[in-house]
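A.B. asks: Just passing along the structure, written as structure tokens.
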Amino acid sequence: MKIKTQIIGLFLVVLSQFSYAKDNAVEDQIKELSSQKWQWMADKNVEKLDELFDADSRFVHMSGTWDKERELEIIKSGSIWYKKADVHDVLVKTFDDTAILWNRITLTAFVRGSDVTTEFTVTEVYQKQSGSWKLLDLTFSSVRDTHEIVH
């Protein structure tokens, strides 16, 4: 009986390690995808962003909330040019086929004719669809430079 209990215990430990490694792999994948997204936004690469953004995705900014088409047009036209996002901290949590990423950034953007630098915590919601991750929501929350994301 003792050996049977030990085998079951060992199986549960191995299973939990596999689950932990799987979650870490997804978290790393989402972090990399978010990093690529910031670069695509800086490069105004609307083709890559169009692939990433879900058809019904929403974008919450300081001046309003809008859909995918408007966000892509804003990026393409340069009315907001996301020049550089310095990422200071990242946290990812997964829930089945959904991942939520929070990152604290210093964003330098060209807005209304001049460069502005703003501290944000950005929330990104991703969902696995047909084997690839799609961005469902991108929300900018203006914060102080001392803002912390508790892990």
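A.B. asks: Quick check on the exposure proxy: order His151, His61 from fewest to most C-beta atoms within 10 angstrom. Before the final figure, lay out the partial values.
C.D. replies: Working: His151 8, His61 16.
Ascending number of Cβ neighbours within 10 Å: His151, His61.
A.B. asks: Find how many whole Å separate the alpha carbon centroid of region 23-44 from the alpha carbon centroid of region 93-138.
C.D. replies: So the two Cα centres are separated by 9 Å.
A.B. asks: Rounded to two decimals, what ratio of Rg to Rh does region 37-151 give with C-alpha atoms and a Kirkwood Rh?
C.D. replies: Working: Rg = 13.8 Å, Rh = 14.6 Å.
Here Rg/Rh amounts to 0.95.
A short reminder: the numbers here are calculations on the coordinates, not readings from a lab. Please read all numbers here as calculations on a predicted model, not as lab measurements. Cβ sites come from the backbone with ideal geometry, for glycine too, and all protein chains shown count toward neighbours.
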